[in-house]
Amino acid sequence: MKIVLNGEPREVRAPSLHEALSELGFGGAAVATAVNGSFVPAPSRVATPLAEGDRVEVLAPRQGG
Amino acid sequence: MPGFYGVDLTSRLMLGTAQYPSPAILAAAFRASAAGVATVSLRRESGGSRAGEDFWTIVRDLGVRVLPNTAGCHSVKEAVTTAHMAREVFGTAWIKLEVIGHSDTLQPDPFALVEAARILVADGFEVFPYTTEDLVVADRLVDAGCRVLMPWGAPIGSGLGLVNPYGLRALRARFPDVPLVIDAGLGLPSQAAAAMEMGYDAVLLNTAVARAGDPVAMARAFARAIEAGALARAADPMEPRDMAAASTPEIGRAFLE
């Protein structure tokens, strides 16, 4: 199915956010996630299904002021 | 110095981590500044990249407390969601709450700021609101549960210093027991010293150090200026006056006409 990952269209097979993160190369990474603008805590990723067109944000630590 | 949500900081300098020429210079600038807090952010990560983890390792090695920000957020929802994401990744309830209302000045949106602060305090966050020197907004932020206020000195990255000294003095007088931090707009160590002399508890800066020709030397200069300003404040400065007052005694002056 097609999702939008960090603003870019991507194809994923995984049915859950947790599995999609592994499929997309984020397995084990220190990231925070949101789906369609809502925060999804790490423990909830397994039980968070993805649907066609979902907007997934994957954020990580960066420099800031 | 008052505690920041119960945390006693040994340094009055909070330093940003952006815009340094290299990670090594960032680390050296932190050592030179003796800053006690590092501000950080969250940004999009690429699959397979470990840029976030690499940066997080550098920050952890600084040995300072981390203050994540919500930089770039323009709405309550964006800021609240970003704060939740930051708390999970950085493992701290501290959040530097920025809700930007104007793209040219990066001035905070005070209405959205107060609303976001209220939501985050209810969610257990310890909010450091980036605000203006407006007294009424500050009152609302304290009512919302903020135990620290961070008024701007000038627009972010401008280096203009303390553009409204009257307003900043009034804020200090209005909130004698709330930790106050000048956040943004400083360009020179003398401006940080002036903030300390005004009675501010700390300053938060980034660009002035990171974009200096020699960031490490500038970090050291800010540290010394902040120390000097705080010492001066504690030393109870004299009151200025309009007319001259001779410092050398008149008594014993020779008559040589």
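Size descriptors for region B:42-117 (Cα atoms only): Rg and Dmax, in that order, 13.7, 39 Å.
Think of chain B as a dipole: +1 on every Lys or Arg Cβ, -1 on every Asp or Glu Cβ, centred on the Cα centre; then among B:92, B:105, B:117, B:92 lies furthest on the positive end. The calculated FRET efficiency for residue B:143 paired with residue B:256, based on their beta-carbon distance and R0 = 51 Å, is about 0.15.
Within the shell defined by Cβ-Cβ distances under 12 Å, the residues around residue A:42 carry a net charge of +1, with Lys and Arg each +1 and Asp and Glu each -1.
Length gained on full extension, residue B:5 to residue B:93: 30.7 nm, using 0.36 nm per residue less the C-alpha separation. Using Cβ point charges alone (K and R +1, D and E -1), the dipole size of chain B about the Cα centre works out to roughly 480 debye. From most to least packed by mean Cβ count within 10 Å, the peptides A:3-10, B:152-159, A:32-39, B:30-37 give B:30-37, B:152-159, A:32-39, A:3-10. Quotient of the Cα radius of gyration of chain B and 2.2 N^0.38 Å, N being its number of residues: 1.12.
Note on the protein assembly as shown: Rg/Rh from C-alpha atoms, Kirkwood Rh, equals 1.09. With contributions of -39500 (n - 2.57) from each DSSP H run of at least four residues, the per-residue ellipticity at 222 nm computed over chain A stands at -2500 deg cm²/dmol.
Within the shell defined by Cβ-Cβ distances under 13 Å, the residues around residue B:13 carry a net charge of +2, with Lys and Arg each +1 and Asp and Glu each -1. For chain B, the 222 nm mean residue ellipticity estimated from helices alone, with every DSSP H stretch of n ≥ 4 adding -39500 (n - 2.57) and the total spread over all residues, rounds to -12500 deg cm²/dmol.
Assuming charge only on the beta carbon of Lys and Arg (+1) and of Asp and Glu (-1), the dipole of chain A about its Cα centre is about 120 debye to the nearest 20. Region B:123-173 and region B:43-82 have their alpha-carbon centroids 23 Å apart. Summing charges over neighbours of residue B:203, with a neighbour being any other residue whose Cβ is under 10 Å away from its Cβ, gives -1 when K and R count +1 and D and E count -1. When B and A come together, around 2300 square angstrom of accessible surface is lost from both chains combined, probe 1.4 Å. Put a plus charge on the Cβ of each Lys and Arg, a minus charge on the Cβ of each Asp and Glu, and nothing anywhere else: the dipole of region B:30-139 about its Cα centre is then about 440 debye. Projecting the Cα positions of B:186, B:142, B:59 onto the charge dipole of the protein assembly as shown (unit charges on Cβ atoms of Lys, Arg, Asp and Glu, taken about the Cα centre) puts B:59 furthest along the positive direction.
The values are calculated or read from the model by the stated rules, or taken from the named source; none is laboratory data. The model shown is predicted, which means the values in this text are computed figures rather than measured ones. Here Cβ is always computed from backbone atoms with ideal geometry, including for glycine, and neighbour counts include all displayed protein chains. The area values use the complete protein model at the heavy-atom level, side chains included, leaving out ligands, DNA and RNA. Shrake-Rupley method; radii C 1.70, N 1.55, O 1.52, S 1.80 Å.
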